[in-house]
Structures are given as C-alpha cells and as structure tokens.
Amino acid sequence: MRILLIGATGMLGKALLRKWTGDEVIGLGSAQADIRNPQQVEKSISETKPDWIILAAAYTDVDGCELNPQLAAAVNTRGAVNVATAAARLPAKMLFVSTDYVFDGKKPSPYEIDDPRNPINVYGKTKAEAEERISRILPECSIVRTSWLFGPGGKCFPDTILRLAAGRKEIDVVDDQHGCPTYTFDLADSIVRLCRSGAHGIIHCTNEGECSWHEFACEIVRQAGFDTKIKPTSSEKYVRPAERPRYSVLSASSLARWGLGMRPWQRSLSAYLAERTRDLNTAS
Ligand SMILES: NC(=O)c1ccc[n+]([C@@H]2O[C@H](COP(=O)([O-])OP(=O)(O)OC[C@H]3O[C@@H](n4cnc5c(N)ncnc54)[C@H](OP(=O)(O)O)[C@@H]3O)[C@@H](O)[C@H]2O)c1
C-alpha cells in the first residue's frame, strides 16, 4: 500500500513514521502541504496517488484554539474538508484522527461511538464539525478518536511533570478531569492495523484504563522514582482559556469490533519512560 501521512512532523505523525513498516509511507508537514490551501492539498494527493491518507495534522493547542477560533476552524475543519474532498476525487481511503473533546464530559460512563457529539470548547467544536463534514464527503472514511496523547517528539504531560518534579517538592494537578492517557507508539500500531483491515466508521482508540490528571501525574513521578508530592487541585482553581470536559473516557468496544485492544496506560507509560531514557542517553 502507499500511505500519505499528513501531519508527519507532529507527535503522532513521528510515531506513525517510525512504526509503519512494510508499506510505502510518504510523510508531509505543513511546509510541504498546508491543508488550509486546497490547491496544495489536491497537488500532494494527485501526485502521490495514495491508497490511504492519514490525516494527523491539526491545530492542537486547545487554549490557542479558544483564543484564535478562525485559525482553529481553518485548519481543523476546513483543512480536513479539503483533504477529504481531494481524497474523494482520486479516490483514496482516508483515516481522520479526532479527539475525545468532541464530547461534553457529562456522561458518567465511557463514551461509545454513537453518543452524540456536544463539544464545549473551540478545539472540540472544530474537530466535531470536521467529523460530520468528512463523513458526508467520504461515507466510508475512518474516524479514529483518541485522547491525552504522550510520546516522544512533542509537548506531552509526562515530560512537563518530570521537568517540574526535578525542581520542586510539590506540584498541584487537577483531579476533576478524567480521561485515557494514550501512548503515540501504541496508537500508531493500532492505526496501521486498522488500515490493513480496511477499517471504516468511528473507532475509539486509547490505551486501556482511565484516570484523572492527578492520578496520571502520581504514576509518572512514582515510575520515575521522584518523591515530589502531587497535590490535587480543581479546574476552578486552575482556570485556562478553554473549558475541558470533566469525563472524556472513550469505550474500547469499537476497537474490539476490529479485533484490536490496547495495553493499560500504566504499562505504556513505563515503555515511554524507558524510550525517553534511551533517547536522553543517546543525545548525551
Ligand atoms: N495531543 C493530544 O493529546 C491529542 C488528543 C486527542 C486527539 N489528538 C489528535 O491527534 C492528532 C495528532 O496530534 P498531535 O498531538 O500529534 O499533534 P501535534 O504534535 O500538535 O502536530 C500537529 C501536526 O499538524 C500539522 N499542521 C498544523 N497545522 C497545519 C496546516 N495548516 N497544514 C498542514 N499541517 C498542519 C503540524 O505540521 P508542522 O509541524 O509541519 O507545522 C504537525 O505535523 C491531531 O489530529 C489531534 O487533533 C491529539
């Protein structure tokens, strides 16, 4: 298969480039194709003639989206529509990477794929609208929703906690938002398998288990061997431009329907910390 990976310079894109072996993978960043520009998108797709297009590009700064909704809509919604339109014309199959933030977080149990979208921030709204519009253009497309990504080659929560833990005795972390931490390498493996199985429709794809940011931080310092105290705080005390859903855990049942499952997030965290130590040792 020939794969066109849009967003290859991002955290997930880098994991996909590293994990996707056995097929021809062409990776593009925004310098090669800005998805806001339909001509650039059309040219990249018609020149490469991929079997699958993986759209991992997005404006992912959740607070940035809140402060700059025009840019968020241009990249996350209209950019995704540009890619879907060019994919339909070729035709090529498309996998769109989406988010748990399409939900409002008011459900008391894990979100299923047919739960109604009801985003509460601009980032979630632009991704939810992209899902709806892409599905109309390409009814057979695959929409992979994921959450709380961590991994090498990007800004991620474990790195922030480890940096703070190295210099502080105490760190305040919110304990009233729950989700599923997900390792980019594990997500990349699942995306490869889903494409090879010809997956379509919405699929929730996260590591197994759920936690609050506070519990996630406690596990990070525990596994890294720090004695920094992680103190619980609330979203009210830690106000940011964009509101976050309180509970955005995604159910694994849609992934199981494709014969797949992902390991518990704690095991993936330990794999990431080992990978990180190897990278730091290689760099020094
Ligand atoms: N991070 C998370 O916790 C999280 C959670 C749920 C879902 N997701 C979804 O997962 C996907 C990957 O996220 P990530 O964290 O890996 O993203 P990331 O590290 O922020 O990378 C974003 C990617 O998008 C590209 N991009 C941004 N604007 C673009 C434009 N106008 N045209 C073309 N490319 C553009 C960037 O290219 P350049 O660097 O070359 O500019 C980069 O490759 C996204 O769809 C995101 O919505 C992420």
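So here's what we get for this one:
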| quantity | calculated |
| --- | --- |
| Members of the stretch 88-112 that are among the hydrophobic types (A, V, I, L, M, F, W, C) and within 15 Å of the ligand (Cβ to nearest atom) | Met94, Leu95, Phe96, Val97, Val102, Phe103 |
| The listed residue being within 12 Å of the ligand (Cβ to nearest atom) and surrounded by fewer than 17 Cβ atoms within 10 Å (Cβ to Cβ), out of Ala31, Ala8, Ala72 | Ala31 |
| Helices (runs of 4 or more DSSP H) fully within the stretch 174-284 counting 3 or more residues that are free of Cβ contacts under 8 Å to residues at least 40 places away in the same chain and not charged (D, E, K, R) | 265-283 |
| Members of the stretch 87-106 that are surrounded by fewer than 17 Cβ atoms within 10 Å (Cβ to Cβ) and either touching a residue at least 60 places away in the same chain (Cβ under 8 Å) or closer than 22 Å to Leu187 by Cα (or both) | Lys106 |
| Residue identified as surrounded by 16 or more Cβ atoms within 10 Å (Cβ to Cβ), under 30 Å from Leu280 (Cα atoms), at pLDDT 95 or above and more than 9 Å from the ligand (Cβ to nearest atom) among Ile161, Ile120 | Ile161 |
| Helices (runs of 4 or more DSSP H) contained in the stretch 54-165 and holding at least 3 residues over 15 Å from the mean Cα position of the chain (by Cα) and aliphatic (A, V, I, L, M) | 80-89, 122-137 |
| Residue check for Ile45: within 13 Å of Val83 (Cα to Cα), under 19 Å from the mean Cα position of the chain (by Cα) and of a type in the set (Val, Ile, Thr) | no |
| Looking only at the stretch 34-53, and only at residues there that are among the acidic types (Asp, Glu) and assigned to a loop (DSSP other than H, G, I, E, B), the one that is farthest from the ligand (Cβ to nearest atom) | Asp51 |
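The values are calculated or read from the model by the stated rules, or taken from the named source; none is laboratory data. Predicted model, so just to flag it, every value in this text is computed and none were measured. With ideal geometry, Cβ positions are generated from the backbone for all residues, glycine too; neighbour counts draw on all protein chains shown.
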